[in-house]
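Asks: I'd like to ask you about the structure that follows.
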Number of protein chains: 2
Amino acid sequence: MPTPVISEFSLINQFFTNATQLRKHVALGIGDDCALLQLTDDEQLAISTDMLVEGQHFFPDVDPHALGHKTLAVNLSDIAAMGARPLGFTLALSLPDSNPSWLQPFSEGLSALANNYSCPLIGGDTTRGPRNLCITIFGAVPEKYALRRDAAKAGDDIWISGKLGDARLALGCLRGEWPLDPAALAQTRRALEWPEPRISLGLALRGIAHAAIDISDGLLDSLQHILEQSGLALRINVDAIPRSTWLSTQPLPIQRQCTLTGGDDYEICFCAPPSQRLQIKKISENLNLSATRIGKMTLCDTDHPSIVLHDRAFNIIEIDFKCFDHFSNEY
Amino acid sequence: MPTPVISEFSLINQFFTNATQLRKHVALGIGDDCALLQLTDDEQLAISTDMLVEGQHFFPDVDPHALGHKTLAVNLSDIAAMGARPLGFTLALSLPDSNPSWLQPFSEGLSALANNYSCPLIGGDTTRGPRNLCITIFGAVPEKYALRRDAAKAGDDIWISGKLGDARLALGCLRGEWPLDPAALAQTRRALEWPEPRISLGLALRGIAHAAIDISDGLLDSLQHILEQSGLALRINVDAIPRSTWLSTQPLPIQRQCTLTGGDDYEICFCAPPSQRLQIKKISENLNLSATRIGKMTLCDTDHPSIVLHDRAFNIIEIDFKCFDHFSNEY
């Protein structure tokens, strides 16, 4: 008999709630990009952990230099989505051997990013076993500026940094789901293997955005978290979602799958009042990073679905893709 | 050609030093039981991470209830050895499936210990893959009381909490290295599978001990860290090392192997000036936990080895066991 399938979120909720009884120093526990510990009266420590498993999150033959970069980048992305400043990280490594021809480029990719963001390796553990890379990262954020998932307001614009879907487009080609010409694969593969964490954007959005989330598990999945935790609904113009020229030339179903549920996009989705549009445009120009309005937070209405997707002509779009979930059988 | 073997410590030193460039908020980086981040002028955050891999750190058929306990206990032990108070932890899990008959008892073992020590689960990550459990734990300690490895003084007594070697004795029996009668296995297996972190002892030693270390990688290995980081030498009376009645009836070579290099003993080795002996006796009585003097920190002398082991008659003991090292071929 097959083991029942349980999603990542229900797994934590079902089995580990007894371990999550919060204490007063825990300002925010399970369920956001980062947990928040109260450091001082007005400063909080943002903490996030991510585990990357060979064969699940990366191919066995991936360039170890890129993998070192990505292992830290995915964690920095959680710090960015909280509006926090990176402080440092721990690295636990399980490796089948200690082969320098793998370790040297892996550490170079990791170290370069650590130094770029002044985020040093402060502790670790190494062991023999199937390849598994677990980073726990720490950042600092003033309590009033933390970009939590539960603070979006009805009427907020929904914004996306950068472009979505390239990582999923490259992954689909590498998996044989669809063809891609070599130039397009080379370009989109950069999004998959060398994601750039949006730390500067997260810091710039302090006091500007109400809420933010890292969308690496897929845009729809991330939006679901925001609306549930903020007690709101939302609508998205799927034609407004920014995508690369490589993705724009693909069939529409692939474009929508890659942008809406693709995963591995280390961009920030954030919610901000319309009064901040000019300010956000300035931030985007200063950082040389696009910021695109794709929708609106709305009040809950039990007669309507909580997520409404429409095209540029306001025709409702029905999507039946499953969101990315490490414990579902669908991915 | 076999891959060259590199020890855990040289692996970090060889490959990751570029990532460890410390910043002023990092009071202590790689190389102690915990890293220390400066929270306020006088408070530090102690951080430690440990990864447990199936087949390497635990048997595939281990009782999941015990494993849940142990996964958190080994991390609490690092917090204890720093003299810190537990604040919370993150849990990253890689599992082959989400079978409730494993997850339920695992979470119960983990949650019971988390609640005992007011140390809540504050964040996590779950993914599909070979079974791998990675906890990162946080504690708080006033800067002046942190029990670092580099603060032992010449003339300090070397103390051990509890009894050593039972975990290794049980492991050896389970691996078929030596026989053990069923009653002795049942008793010593508790030390292997249900270690009790010495949090209360760590807190009580604030201001009493100069230095402390968790000895779960083996006593000799731990002493080596203390003497290197404190710039000292030491001598140990191996006959003074406390051991259980089950271990005491084993052949002397097994006793010495289990107590000196066995590993998986979640006791604290600490260094304190002789003026604190009476105080340490009181602490031991209050906590109902034995504390035994086993040796002395001494000044370095290039004419003598840095670790001298002798028996009760002061005969020098030569030991050639390799210390526990996840990347050596010897274990």
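The values are calculated or read from the model by the stated rules, or taken from the named source; none is laboratory data. This one's a predicted model, so the numbers in the text were calculated from it and none came from an experiment. So basically every Cβ, Gly included, is an ideal-geometry build from the backbone, and we count neighbours across all protein chains shown. Only protein heavy atoms, including side chains, enter the accessible area calculation; ligands, DNA and RNA are left aside. Shrake-Rupley method; radii C 1.70, N 1.55, O 1.52, S 1.80 Å.
Asks: Mind telling me which of B:Arg175, B:Arg293, B:Arg190 comes out most flexible in a GNM of chain B, alpha-carbon contacts under 10 Å?
Replies: In the Gaussian network model the winner is B:Arg175.
Asks: Then there is this: Compare the Cα positions of B:Leu45, B:Pro305, B:Gln224 along the charge dipole of chain B (+1 at Cβ of Lys, Arg; -1 at Cβ of Asp, Glu; about the Cα centre) and return the one farthest towards the positive end.
Replies: B:Leu45
Asks: Using a/c under 1.5 as the rounded threshold, could you call the protein assembly as shown rounded, prolate or oblate? The axes a ≥ b ≥ c are square roots of the C-alpha gyration tensor eigenvalues, and prolate needs a/b larger than b/c, oblate otherwise.
Replies: Numbers: a/c = 2.10, a/b = 1.91, b/c = 1.10.
Since a/c reaches 1.5 and a/b is larger than b/c, the shape of the protein assembly as shown is classed as prolate.
Asks: Same structure again: Just need the relative contact order of chain B here, percent rounded to a whole number, with Cα pairs under 8 Å and 6+ apart.
Replies: Numbers: 688 pairs, mean separation 71.8, N = 331.
Across chain B, relative contact order equals 22 percent.
Asks: Which whole-percent values make up P(r) of the stretch A:148-310 when all C-alpha to C-alpha distances are grouped in 5 Å steps starting at zero?
Replies: 2, 9, 19, 21, 19, 14, 9, 5, 1, 0
Asks: Could you check which residue among B:Asp265, B:Asp41, B:Asp150 shows the biggest mean-square fluctuation in a GNM of chain B with a 10 Å Cα cutoff?
Replies: Looking only at B:Asp265, B:Asp41, B:Asp150, the largest GNM fluctuation is found for B:Asp41.
Asks: Next up: Once you list every other residue whose beta carbon is under 9 Å from the beta carbon of B:Ser244, what net charge do they have if Lys and Arg are +1 and Asp and Glu are -1?
Replies: Details: positive: B:Lys163, B:Arg243; negative: B:Asp166.
Cβ neighbours under 9 Å give a net charge of +1.
Asks: Using the Cβ atoms and a cut-off under 14 Å, what net charge is assigned to the surroundings of A:Lys281, where Lys and Arg are +1 and Asp and Glu are -1?
Replies: Values: positive: A:Arg277, A:Lys282, A:Arg293; negative: A:Asp157, A:Glu285.
Neighbour charge sum, excluding A:Lys281 itself: +1.
Asks: Still on this structure: With θ set to phi - 60°, apply the Karplus curve 6.51 cos²θ - 1.76 cosθ + 1.60 along the stretch A:190-195 and write out the HN-Hα couplings as whole Hz, x wherever there is a Gly or Pro.
Replies: The phi angles translate into 4, 5, 6, 9, 10, x Hz.
Asks: Would you tell me the accessible area of B:Asp50, worked out with a 1.4 angstrom probe on the heavy atoms of the protein chains, in Å² to the nearest 10?
Replies: Rounded to the nearest 10, that gives 30 Å².
Asks: Another one. Express as a percent, rounded to the nearest 5, the fraction of DSSP beta bridges in the protein assembly as shown (both residues included) that run antiparallel.
Replies: Details: 88 of 112 bridges.
Taking every DSSP beta bridge with both residues in the protein assembly as shown, the antiparallel ones total about 80 percent.
Asks: Students often check this: by mean Cβ neighbours within 10 Å, which of B:73-81, A:214-222, A:51-59 ranks highest, and how do the rest follow? All intermediate terms of the calculation are to be shown ahead of the outcome.
Replies: Numbers: B:73-81: 28.1, A:214-222: 23.8, A:51-59: 19.2.
Output ranking for B:73-81, A:214-222, A:51-59: B:73-81, A:214-222, A:51-59.
Asks: Could you sort out which of B:Lys24/B:Lys163; A:Lys144/B:Lys70; B:Lys163/B:Lys282; B:Lys144/B:Lys296 sit more than 29 Å apart by Cα distance in this structure?
Replies: On the way: B:Lys24/B:Lys163 39 Å; A:Lys144/B:Lys70 37 Å; B:Lys163/B:Lys282 18 Å; B:Lys144/B:Lys296 23 Å.
Violating the 29 Å limit, Cα to Cα: B:Lys24/B:Lys163; A:Lys144/B:Lys70.
Asks: Applying the Karplus parametrisation 6.51 cos²θ - 1.76 cosθ + 1.60 with θ = phi - 60° to the phi angles of the stretch B:116-125, what ³J(HN,Hα) value in whole Hz is obtained for each residue in order, glycine and proline being reported as x?
Replies: Result, ordered by residue: 4, 10, 6, 10, x, 6, 10, x, x, 8 Hz.
Asks: Using a label position 7 Å from Cα in the Cα→Cβ direction, what is the ascending list of nm distances from B:Ile316 to the same site in the other copies?
Replies: Ordered by increasing distance: 8.7 nm.
Asks: Quick one: net charge around A:Pro142, please, counting Lys, Arg +1 and Asp, Glu -1 for every other residue with C-beta under 15 Å from its C-beta. Could you put the intermediate results ahead of the total?
Replies: On the way: positive: A:Arg85, A:Lys144, A:Arg148, A:Arg206; negative: A:Asp41, A:Asp42, A:Glu43, A:Glu143.
With Lys, Arg at +1 and Asp, Glu at -1, the net is 0.
Asks: What does the copy distance list look like for B:Pro100, label position 7 Å along Cα→Cβ, in nm and ordered from shortest?
Replies: 5.2
Asks: Output, in nm with one decimal and in ascending order, the distances from the A:Leu185 label point to the matching label points of the other copies (7 Å from Cα along Cα-to-Cβ).
Replies: Label point to label point, same position, other copies: 5.4 nm.
Asks: Still on this structure, I have one more. Is the shape of the stretch B:8-144 best called rounded, prolate or oblate, per the rule: a/c under 1.5 gives rounded, else a/b larger than b/c gives prolate, else oblate, with a ≥ b ≥ c the square roots of the Cα gyration tensor eigenvalues?
Replies: Numbers: a/c = 2.39, a/b = 1.49, b/c = 1.60.
Since a/c reaches 1.5 but b/c is at least a/b, the shape of the stretch B:8-144 is classed as oblate.
Asks: Same structure again: For chain A, what does the alpha-carbon gyration tensor say about shape, rounded, prolate or oblate, given a ≥ b ≥ c as the root eigenvalues, a/c under 1.5 as rounded, and a/b over b/c as prolate? Each step should come with its number before you reach the end.
Replies: Numbers: a/c = 1.38, a/b = 1.12, b/c = 1.23.
Rounded shape, in that the Cα axes give a/c under 1.5.
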